Structures are given as structure tokens and as C-alpha cells.
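Taking it in order: structure first as C-alpha cells, then the write-up.
The values are calculated or read from the model by the stated rules, or taken from the named source; none is laboratory data. Note that the structure is a prediction, hence the values are computed from the model and not measured. Because the Cβ atoms are built from the backbone with ideal geometry, glycine has one as well, and the counts that use them run over all protein chains shown.
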């Protein structure tokens, strides 16, 4: 039997998972990095074609992981990620399931996809993001996101609940400021003049949920 979907749900879900402006726009970098009380803060540098890794505590790690295009040539394209450190854990990313839009460029992506120029990408600061802090939270949010992205496989009641509950697990928050960069247009073509981020300096602030902070102390900065 074909399911009927309310116009309100279809519109709400579409807005939540995909927001594509008519022209790429991001806020200019007008804020200086800060480190809030109780936060884990650190700075780093990264070259095009290289990633960055930082253990946050005994359980979690921060990564600027290379996007697929960066593996074949030194492109300045990264994805902000939070991963579990436990031996035997898979490579699941605790941030992707709680940061929309899910079918468009979002704050986790530092790249020139969707028409964003390299200059626009490095001027967008701070980048704010959320993440779950354990595998249980990941599984819960991943299931909710699956239902929201493909609601026609579920009843409307299930889809409405998943949309309402998405992101309600205990979350950590993060901010990344890009404080320096070098951009090249040497490999631009007539059809692609977006540029490439050759080098980037950044500062990160990570805030964990209160119950998670008491379980493991931050590593030295």
C-alpha cells in the first residue's frame, strides 16, 4: 500500500537535510579564537594532501581527514571529524550524523565543492559543529538520520519522530578557526577557477558534555 506523506513533513525534512543557497556565501573571518573554561583547545597546521590528528582524551580523537579527491593529488580538501580511539573501533565519524545540511556543503567540509572558492573557505570562521561522544549515540543518530533521509521506507509517524529526535543525543560541540592560509590558482582552468588551499593554520575548541568531561581528562595542549 502506497504511503501518503503530509506536505508539512516533506517540506520540513527537505529543509533539514538540504539547504542550497543560490550563490555560495559564508561569513567572513571576523572572530579571533577563544578557549572557553573547561574546553580542550589546540592549534595546528596542515599542508595540502596531508591530514591532521589530535587525541582529545582517552576516548576521542579529532581529525582533519583528507577527502577522496585529495588522495590522488595534493588538493587542499579536508573533512572535520571526531573518531573513537578504542582499539578495534571502526572508522565511524561521530560528527557526520549530527551536522546538517546532509546533502549539501556544511561546516565540516573545508573544500571547493558546490562552487565555494578557496578564498571563501578559509575566510569562514569559526566553523561550528556537533558530535556524539560514543558508539551508542552514533548508532542512535545514524538510525534517525537514515529515516529522515529516506522516509518513504517508514511510516509517517516513524519519520516524524525521527525528524523531531534527530540530534537529541548528548552532544559535544566544536569550533574551528582558520587563522592563516596560502592559496594557489596555478592549476585553475577556464571552467574551474576555485583555487586550491596549499597550507592552512587553525585553532580548535572542543567542549564535551558534562558527564563525559568527568570520565577522562583532556590531553596536554
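Got at least one residue in the range 22-31 being at pLDDT below 55, part of a loop (DSSP other than H, G, I, E, B), in contact with a helix residue (DSSP H, G or I) (Cβ under 9 Å, 6 or more places away or on another chain) and farther than 21 Å from residue 183 by Cβ? No, the conditions are met nowhere in the range 22-31.
Checking the conditions here, which among 103, 92, 144, 175 is within 26 Å of residue 31 (Cα to Cα) and either part of a loop (DSSP other than H, G, I, E, B) or at pLDDT 95 or above (or both)? Please lay out each step first, then the result.
Working: 103 fails: within 26 Å of residue 31 (Cα to Cα); 92 fails: within 26 Å of residue 31 (Cα to Cα); 144 fails: within 26 Å of residue 31 (Cα to Cα).
175 is the lone residue from the list that is within 26 Å of residue 31 (Cα to Cα) and either part of a loop (DSSP other than H, G, I, E, B) or at pLDDT 95 or above (or both).
Just so you know, in the range 58-85 the residues that are buried (at least 18 other Cβ atoms within 10 Å of the Cβ) and not in a strand (DSSP E or B) include one that is modelled with the highest pLDDT, and it is 77. Can you tell me which residues in the range 190-221 are modelled with pLDDT of 90 or more and assigned to a strand (DSSP E or B)? Passing the criteria: 196, 197, 198, 199, 200, 201, 202, 203, 204, 205, 206, 207. Remark: residue 163 matches the filter, which requires a residue to be part of a helix (DSSP H, G or I) and surrounded by fewer than 20 Cβ atoms within 10 Å (Cβ to Cβ).
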